[in-house]
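The values are calculated or read from the model by the stated rules, or taken from the named source; none is laboratory data. The structure presented is a predicted model; accordingly, all values stated were derived computationally and were not measured. Cβ: placed from backbone, ideal geometry, glycine included. Neighbour counts: every protein chain shown. Note: accessible area is taken over every heavy atom of the protein model, side chains too, but ligands, DNA and RNA are not part of it. Shrake-Rupley method; radii C 1.70, N 1.55, O 1.52, S 1.80 Å.
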Amino acid sequence: MVPGRHVTDRQMRLYMKFRRTDPVPIAAARAGFSAATAYRIEQDPRPQSQKAMPRRRRRPDPLASVWESEIVPLLRSAPGLRSIAVFEEVLRRHPELGAGIRRTLERRIRNWRALHGPEQDVIFRQIHEPGRLGLSDFTNMGELAVSIAGAPLEHRLYHFRLAYSGFEHAHVVLGGESYVALAEGLQDALWALDGAPHEHRSDSLSAAFRNLDRNARDDLTRRYEALCAHYGMEPSRNNPGLAHENGSIEGAHGHLKAAIADALLLRGSRDFADLATYRGFVDEVVGRRNARVAPRIDIERAALRSLPPRRTADHEEAIVSVTSSSGFVLRKVFYSVPSRLIGHRLRIRLYDDRLEVYLGSSHQLTLSRGRRKPDGRHGHVVDYRHVIHALRRKPMALLGLVYRDSLFPRPAYARTFEAMLARQPARQACRTTVEILALA
């Protein structure tokens, strides 16, 4: 018998069996305990389970004076009250009880709620049929600290998943949650899958609806429903604040982000040469995850709806006028365009990461999509080639130019300009910097 171990009822039965034919020491050894224990058993042969006495309190109950009179009424009147709040309130009223009651109080509250607390919500696990349900959601990737050419990349992932097979698709989104990002990412996923599920579920799209008026919200809802109808999918949304209704993708967010984090560690660097390289890296990680469930994907693919002949619109459109500043403002961002377009009205197609600019039906150019500053100030997307010819005639305009820092193609130009301003007259510094830009 190992010291400190209690004799079990099974050992007691073995001992009594062996005791019929063997003396006490031998029967005890065969049962697995000492002879001294055996002699005690001879004195009282009851099974150990019948000898055990109920455990009694070893010290006075520190909550005896306040439990029924103060704590229980608090729990009844405010069912959602946290245990730590109850603890702090009890100490405020009775500081003599001391901080040592916290764990006792938490255990007592937990046990009381198990017996007398309100009924809780129940999650009902679902059986997913092949081809039935596809889910979309966005997840923030800021915690991975990815950078492009040394600059931190603020981005999200649009994440699509089939509930039955676990097929996944991820698309790097540079802005916030929006209909454009959803439409582009969803259609990319469906065409990569070569089929569409019967139902598509997203969250409430509250982030996409934020700051929109009633008409704009209704328009966004109609566009989302039209997108699903184009692919023959029934649109549905989970209720706001109930993430478990989107559980088949909410849980997968963490697994996907963990896989990307592991791949970044194996890569040895979180910095990428350009956005296309990073997007290819994410696609590779997702592809490896899909390869693990390839047999289930093949089963589900056979149950999917056929795709329509072509994609539907995955962009927003806007009409803008080009001002005398050789640019236009859209969504609190100033974009420069060639000066020959001053005075014209342009049709803009907004994608998540770019703007396609049309004059009538003729495509003019593609611009990188900008974002307003976090503090609400206007952002700037400027190509110095659009204005350098005019700037050479008026170089002093560079000194107080609103979008001067965005005009420079690289930060080194801005540092050079600041250095020249510190060493020579402003007129000479502006003229020299403009000529450098013209040579570039």
request  = Report the residue count in region 413-431 for those that are more than 42 Å from the chain's Cα centre (by Cα) and over 19 Å from residue 385 (Cβ atoms).
outcome  = 11
ask   = On the given criteria, is residue 120 more than 30 Å from residue 232 (Cβ to Cβ), assigned to a loop (DSSP other than H, G, I, E, B) and open to solvent by 70 Å² or more (accessible area, probe 1.4 Å)?
value = yes
task = Determine the pairs where a residue that is in the same structural domain as residue 193 (by the TED database), located within region 276-301, has a partner that is part of a helix (DSSP H, G or I) with Cβ atoms under 6 Å apart, the partner being 6 or more residues away or on another chain.
result = 285/259; 285/260; 285/263
request  = Just one of (1) free of Cβ contacts under 8 Å to residues at least 24 places away in the same chain; (2) farther than 26 Å from residue 323 by Cα; (3) open to solvent by less than 90 Å² (accessible area, probe 1.4 Å) trips up residue 413, so point out which.
outcome  = (1)
Per-region count, region 392-410, residues within 29 Å of residue 150 (Cα to Cα) and surrounded by 15 or more Cβ atoms within 10 Å (Cβ to Cβ) = 7
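Residue by residue, here is whether (1) part of a loop (DSSP other than H, G, I, E, B); (2) exposed (fewer than 12 other Cβ atoms within 10 Å of the Cβ); (3) among the small types (Gly, Ala, Ser) holds:
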| residue | (1), (2), (3) |
| --- | --- |
| 21 | yes, yes, no |
| 38 | no, no, yes |
| 62 | yes, no, no |
| 92 | no, yes, no |
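Is there a residue in region 303-322 that is over 34 Å from the mean Cα position of the chain (by Cα), over 22 Å from residue 175 (Cβ atoms), among the polar types (S, T, N, Q) and modelled with pLDDT under 90?
no
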task = Please indicate, with yes or no, whether at least one residue in region 417-440 is out of contact with any strand residue (DSSP E or B) (no Cβ under 7 Å at 6 or more places or on another chain) and acidic (Asp, Glu).
result = yes
Search result, residues across region 383-416 that are in a helix (DSSP H, G or I), among the small types (Gly, Ala, Ser) and farther than 12 Å from residue 438 by Cβ = 397, 406, 412, 414
